[in-house]
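Presented below is the structure to which this report refers.
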Amino acid sequence: MTKKFALLSLILLTFSVHTFAQADLTYYLPDGVSYNPDIPTPKSVIGHEVGEFHVSHDRLVSYMYALDKASDRITLEVIGQTHEARPLLLLTITSPKNHQKIESLRTQHIQLTDPSKSASLDTRSMPAVFYLGCSIHGNEPSGSNAALLMAYHFAAAQGKDIENELENTIILLDPSFNPDGMQRFSSWVNSRKSKSISSDSYDMEHNEAWPGGRTNHYWFDLNRDWLVAQQPESKARIKKFHEWKPNVLTDHHEMGTNSTFFFQPGVPSRMHPLTPVSNLDLTKKIAAYHAKALDGIGSFYFTQEGYDDFYYGKGSTFPDVQGAIGILFEQASSRGHAQESQNGIVTFAFTIRNQFVTALSSLKAITDLRVDLLNHQRQFYKDAVADAGKDPVKAIIFGSKDKARVFHLAEIITQHQIDIYKPASTQTINGKTFDAESSFILPMNQSQYRLIKGMFERRNQFTDSLFYDISSWTLSLASGLDHEELKTAPAMGQKLTEVQSPKGKLIGEKTEYAYAFEPYDYYTPRAIFRLLEKGLRVKVATDPFYHPSGKKFDRGSILVPVAGQDKPIEMINFLINEILTKDGLDIYSFNTGLDFTGVSLGSGSFLNVRKPEIAMLVDAGVNANDAGEMWHLLDTRFNIPVTMIPLSVFNTANISKYNTIIFPPGSYNSINDASKEKLKAWVQSGNVVIGLENALNWLNGAGIGKFEMKVQETPAAPAKARSYADIEEFAGAQQTDGAIFEAVVDLTHPLLYGYYNNRMPIFKSNNIFMQKSNGAYSNPVVLTSNPLLSGYISKANLAKTKDSSVAGVSAMGRGRVIGFTENMAFRAFWFGTNRLLMNAIFYGPLINEAASR
């Protein structure tokens, strides 16, 4: 069957709403190319034609293993596992000749990123490296399904063209960036597919259940995790990225069904200033290859619209700050096997073909532009080192009383092959003490200078007011650490070769009286829960007290009585050792409770901490990303169980078994009046509700908590007339997509236990502004009168942020309703505010009624 006849047959059959031709390989593969019959086709392994069903991850894996076995062009490796223990695959695809010397080629290639070695390299004789990644959003499946065709073509195609391409290119094929999400989505659509396919957008096949397949196991958007790499899928991928330093990385996505096909460049005015113009020039040259390929099959497309290249945490932008070219592909989605659109019926096969065709156009472009791409990479790092030498900032030092948060920031930095050092000695800079043991120095003069700038810069000036994602992510602010920019090269101690989590130490001997630990460490909540879970009595200090050595313990410090517990002392000592080794806290032993300087250990100012029994509301209407970030925080970092109650269940649920219920951002209109009354009575009996962002609006309306908001007025039309074409841009500029603000905090308030600076960076990605309370003790976290630290916000919204409250507490009977206007666990890398949420969970019941709004 000829390619034209196959296409004509597909077109004729798609005139029926209910009958669609099943595409075979001839629909996808290029004309005039022969294929090695010894290489297995996708159907011979997965059991169906590409696009007939959505390939499941296990079948995708099986096919990749089959190709690895059959082809001398492919080497497969498992580079990691997902949360659900699915393998993360990477296929290295190149000519057999290159495979024989693959390690020497890799070693030579990464020398392009080292200006001290790169000048001597002859790029004319070097292959380019092409990282080809598919479907980081699991419910955007055409990329991963096209990976079946990509791998088959690379393994089986014959002729001079493919031989030349594989001789001059090393392809790193990741067929599924997000196996867990892919499996979730493929199961949904395959189990709802009819033999007579429905293209009706209302069909259940096209309307997956919450949370959908976009995200990974913990509902994280993995395409926002490239820079900070908090998820296992990202960690494995980033490790391989840095092992190879690719020249081009393509990222295959899907978008709304009514669109067509997008390829980069994005909107030029929204390119990050650290990305060189040469990147845009090369992206445009590559774009011409995509246009030609799509023109050749009659597919419509667009470019330089809608998408940007600003946030370095996205897959198509992350390479741009490391001498590579990131390319985003967005295909209009069938979200099933076929769906109606304003451009006609979009079939799954059609979406797969566009992804496959642009993978081939990418390979051709990289082959043709190979020397230009290699030279771009070499020049990028040469220029970066030169820029570092001109930068008045020579290093960044960061540290904290919280050794764990220091560790986590160092972990993020070093996974990007950035060097950090211990200080030569403890030093005080601008009133901040940086301890030699728990601080690090990050010198700017290294090849990853631009990435370092991209991680730590504060930016308030922009050429555009629209952002596809967040406008600021300054990691030193996100971590909430003490930090300073150093204008002179500091004395550095030992270079860090391995990041190790801190270990605690016992100060004093084992005791039969009491132990205590300070509140500053990130994993204090985990330590508290470790004790409570085993039935120990744990107390929190609401006034300072002192160790016999003179050591001061601030408010929020934890007292663990040994005397008077009904548990064996051997169990207590075992748990103390667990806290030392696994939680990394320093623990002090006490043999007396007498304290003439502070309060004695028997004081009533030590309050019992109850074991949290947590429920969190989920399901349709709730923001899955925000809910998943809190689930991840509780489950993986603090080992605290959380019951996730679907909203459809809440109306009939017996909530008496819980003492804490979390309302993530979302809409809760499905909760009926009887359940509102049930919730009120539950709070009044001594329990805690925690609401975040727009959940506060529902709590207000339900009469559960008092959180008065500043009126969100529609921006007044500017005096000067504007063009009709500016409507969307003007409206978009009023959105606060993610910026960083400064708050002043009350360190004596239980929500702030464990903090020691009276100012705190807050991440804000909404237009919710809470009025300050009139109560004298009711404003624990308030944005300053000049709050913007970094990022974009419109002038009208900036005025609303000034002196607005971030957190508030309402008393209801013996219970408390605690509200936060922001996400306290943003994307797992915003460590600095996690403690506010955890304090609400552990200490919410202890907050004095006088501090109520």
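Below 8 Å, C-alpha to C-alpha, sequence gap of six or more: please give me the relative contact order for the stretch 388-449 in percent.
Result for the stretch 388-449 is 47 percent.
Using a cut-off of 14 Å between alpha-carbon atoms, which aspartates and glutamates can reach K772, once sequence neighbours fewer than 8 places away in the same chain are excluded?
Excluding near neighbours in sequence, the set is E708, D746, D803.
Could you state how much accessible area E437 has, in square angstrom rounded to the nearest 10, with a 1.4 Å probe and all protein chains kept in place?
E437 has an accessible surface of roughly 120 Å² with all protein chains in place.
May I ask for the net charge around G480, where only other residues with Cβ less than 12 Å from the Cβ of G480 are counted and Lys, Arg are +1 while Asp, Glu are -1?
It works out to a net charge of +1.
Let's see if you can work this out: charge +1 on each Lys and Arg Cβ, -1 on each Asp and Glu Cβ, no other charges. What is the dipole magnitude of the chain about its Cα centre, in debye to the nearest 20?
Roughly 1240 debye for the chain.
Net charge within 12 Å of M812 by Cβ-Cβ distance, Lys/Arg positive one each and Asp/Glu negative one each, not counting M812 itself?
+4
What distance in nm separates the simple spin-label points at L607 and A119, each placed 7 Å from Cα in the Cβ direction?
6.6 nm
Do any of K505/K551; K422/K539; K432/K706 go past 26 Å between their Cα atoms, and which?
As for pairs spanning more than 26 Å Cα to Cα, those are K422/K539; K432/K706.
Can you pull the accessible area of M644 for me, 1.4 Å probe, Å² to the nearest 10?
The accessible area of M644 comes to roughly 60 Å².
Taking the Cα centre of the stretch 443-587 as origin and charging only Cβ (+1 Lys, Arg; -1 Asp, Glu), how large is the dipole, in debye to the nearest 20?
So the dipole magnitude of the stretch 443-587 works out to roughly 120 debye.
Normalising by the residue count of the chain, find the relative contact order in percent from Cα pairs under 8 Å and 6+ residues apart.
Reported relative contact order: 10 percent.
If you add up the charges near L580, with Lys and Arg at +1 and Asp and Glu at -1, over every other residue whose beta carbon is less than 15 angstrom from its beta carbon, what do you get?
Summing Lys/Arg as +1 and Asp/Glu as -1 gives +1.
Place +1 on the Cβ of every Lys and Arg and -1 on the Cβ of every Asp and Glu in the stretch 131-213, take the dipole about the Cα centre, and give the residue among I171, A151, S201 whose Cα lies farthest towards its positive end.
Positive-end residue among those listed: S201.
At a 1.4 Å probe radius, which order do V371, V406 fall into by accessible area, largest first?
V371, V406
Only helical DSSP H runs with n ≥ 4 go in: add -39500 (n - 2.57) per run for the chain, normalise by residue count and round the 222 nm mean residue ellipticity to 500 deg cm²/dmol.
-9000 deg cm²/dmol
Give the residue from H337, F318, L294 lying farthest towards the positive end of the charge dipole for the stretch 288-341; charges sit on Cβ (+1 for Lys and Arg, -1 for Asp and Glu) and the dipole is referred to the Cα centre.
My answer, from the dipole projection, is H337.
7 Å from Cα along Cα→Cβ at both D383 and L798: what's the point-to-point distance in nm?
3.0 nm
Using 0.36 nm per residue of separation minus the Cα-Cα distance, give me the extension gain between Q684 and N639 in nm, one decimal.
Roughly 13.4 nm would be gained on extension.
Got a number for the accessible area of E677? Probe 1.4 Å, square angstrom, nearest 10.
The accessible area comes out at roughly 100 Å².
How high is the relative contact order of the stretch 697-840, in percent, with contacts defined as C-alpha pairs under 8 Å that are six or more residues apart?
After rounding, I find 26 percent.
The values are calculated or read from the model by the stated rules, or taken from the named source; none is laboratory data. These numbers come from a predicted model, not from an experiment. Neighbour counts run over all protein chains shown; Cβ positions are idealised from the backbone, glycine included. We work out accessible area using only protein heavy atoms, side chains counted, and drop any ligands, DNA or RNA first. Shrake-Rupley method; radii C 1.70, N 1.55, O 1.52, S 1.80 Å.
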